[in-house]
Structures are given as structure tokens and as C-alpha cells.
């Protein structure tokens, strides 16, 4: 059964087959990265522009290993501390030939790396006006996610937990609200630790997942990439299937219409 035929995933006018986005940093070797990319089935890869050799993309340490494979590039503005810096990084990436997709990532705190809500919104507004396909990384604040959508974001990317923590979905209630109100794809970005977290996010209604550290730093990155690919698919199918309501007490899977054995007599007989 090909469940993808009637379940399109469209961002910025682009129809994608995979709902799993993969970061390219921190892998133990280029060979492992290549194998993880293959196992993940991803079509969209992200990388920090500040780590890319914009003067010679063909010889860049990351891009030389993924060139000519049909990936959609999602460069990110990691390292930016305000909207001005993020916009400048996005412009440099597009000028260098990396396309017009951009992940806005503006950290407000060096320890938590939580996104700056005000600067993220400002950068999104400006980049949308410059015809970028903007995917802002943000906190799991339903109001802010709605504001980013209103600003023209092609998708909104709330974190399940701070970047690289592996803590999973800390606030499923908020994520549920975000999904319920959204009219653009919601991609959970940051905080994922394992396939279990991926399934939870997808069952809550997320449209996709972006992960890097939990794969790159897994004991076996290739196996984890495959596990998360399958988790995205399983979680999406489970969400579409519709789970049974939770009940306080047990309920038999088949009705008991009669007893197999009837015991006659009263207590003390026999």
C-alpha cells in the first residue's frame, strides 16, 4: 500500500515524498553521513551557512559529499544573534547558489540556545518579502507560531526541547495546540532523542521532523536514521488512522455473551 499517494506534503510549492529532514553536522565521518542520508530517505538537508565555504561550494567539506543527488538545500542561520545577521546570512547563501530555502535560527541564550522570538519574527517578515521560502525555528509557543505563519512562513518549526538535549517532546499540549491552529506545515525541530519521540510528535499531528544530533551521535547513526524514517511513517499513519479513546477501566476486545461453563449448586455442596 502506497500511503504517500493521497497524503501530499507541500512546502513552498514543492511536493516532497519524505517528511523527514536531516541535519548534516557532527557525523563521525563523511562515509557515515552518506549512509545515514541513504537510510533516512530524506529529500531536505540542512547545514549552517557559517560552516560552508561559500567561495567554493564544489570543494566544501559538506556539500561535496551531497552534490548532484537531488537534495533540497535548507541552509540555516545558526550563529545569528539578531534579524539583521540572519537576513545577511540568508542573502549570502542565495547569492552563492544554495537556493532560496532558509531556516531562520536566531539563538537568544548561549546556554539553552532557545530561539529569540522577536528577532525570529522580524527576520521571517523581511525574508518573506525578499521571496525566500522561510522555515523559522521557534519555541513551542502557539501564539508565536501563529504570528510566524501570518508573516508568511512556508512552514513553522517549533522545538520539542532545547537543541541537542534529546529530552523529547516536553510540552505535548502546546504542540497539539500549534498543530490544531496551523494552516502551514508544522515540523518539529530540536529536542528529539529517539524514534519514540518522533512517533509521539507525528501522532500529535506534526507534519514532519527535523533531526541531526540524535542520529549523528547515536551509537549507530545509520540504524538510527532508518529507525527515525520508519517512525515518521508509523506516526503519520497512526495519526491518520485515529487512535481509540483512552478509558479508565478495562474493556474486553470481544463481548462475553455467555459463560463457557455454568456452575450449579450452592456453597458447601459436593
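The table below gives the values:
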quantity: Lone qualifier among 52, 45 - being crowded, with 19+ Cβ neighbours inside 10 Å, closer than 20 Å to residue 105 by Cα, at pLDDT below 90 and in contact with a strand residue (DSSP E or B) (Cβ under 8 Å, 6 or more places away or on another chain); calculated: 52
quantity: Verdict on residue 25 being modelled with pLDDT under 95 and under 19 Å from residue 156 (Cβ atoms); calculated: no
quantity: Residue in region 78-86 that is touching a residue at least 60 places away in the same chain (Cβ under 8 Å) and either more than 28 Å from residue 144 (Cβ to Cβ) or in contact with a strand residue (DSSP E or B) (Cβ under 8 Å, 6 or more places away or on another chain) (or both) present; calculated: no
quantity: Residue 191 vs. criteria in a loop (DSSP other than H, G, I, E, B) and modelled with pLDDT of 95 or more; calculated: no
quantity: Residues (over 14 Å from the mean Cα position of the chain (by Cα), buried (at least 24 other Cβ atoms within 10 Å of the Cβ) and farther than 23 Å from residue 75 by Cβ) located in region 135-177; calculated: none
quantity: Members of region 81-97 found to be under 21 Å from residue 21 (Cα atoms) and more than 21 Å from the chain's Cα centre (by Cα), listed by number; calculated: 89, 93, 94, 97
quantity: Which listed residue, of 199, 222, is at pLDDT 95 or above, over 16 Å from residue 18 (Cα atoms) and in a helix (DSSP H, G or I); calculated: 222
quantity: Enumeration of residues in region 154-174 that are touching a helix residue (DSSP H, G or I) at 6+ places or on another chain (Cβ under 9 Å) and farther than 19 Å from residue 105 by Cβ; calculated: 168, 169, 172, 174
quantity: Residue tally, condition surrounded by fewer than 24 Cβ atoms within 10 Å (Cβ to Cβ) and either more than 18 Å from residue 54 (Cα to Cα) or more than 21 Å from the chain's Cα centre (by Cα) (or both), over region 99-133; calculated: 21
quantity: Complete set of residues in region 81-93 that are surrounded by 18 or more Cβ atoms within 10 Å (Cβ to Cβ) and over 20 Å from residue 162 (Cβ atoms); calculated: 83, 87, 89, 90, 93
quantity: Filtered residues of region 203-219 (kept if without any contact (Cβ under 8 Å) to a residue 60 or more places away in the chain and within 15 Å of residue 21 (Cβ to Cβ)); calculated: 206, 214
quantity: Of residues in region 33-55 being assigned to a helix (DSSP H, G or I) and under 19 Å from the mean Cα position of the chain (by Cα), the one farthest from residue 98 (Cα to Cα); calculated: 39
quantity: Selection within region 55-76 - within 17 Å of residue 222 (Cα to Cα) and either touching a strand residue (DSSP E or B) at 6+ places or on another chain (Cβ under 8 Å) or surrounded by 19 or more Cβ atoms within 10 Å (Cβ to Cβ) (or both); calculated: 66
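Matching residues to (1) at pLDDT 95 or above; (2) more than 22 Å from residue 158 (Cβ to Cβ); (3) assigned to a loop (DSSP other than H, G, I, E, B):
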site	(1), (2), (3)
64	no, yes, no
67	no, yes, yes
78	no, no, yes
84	yes, yes, no
91	yes, yes, no
97	no, yes, yes
110	no, no, yes
119	yes, no, no
124	yes, no, no
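The values are calculated or read from the model by the stated rules, or taken from the named source; none is laboratory data. Please read all numbers here as calculations on a predicted model, not as lab measurements. No Cβ is skipped: glycine too gets one built from the backbone with ideal geometry, and neighbour counts run over all protein chains shown.
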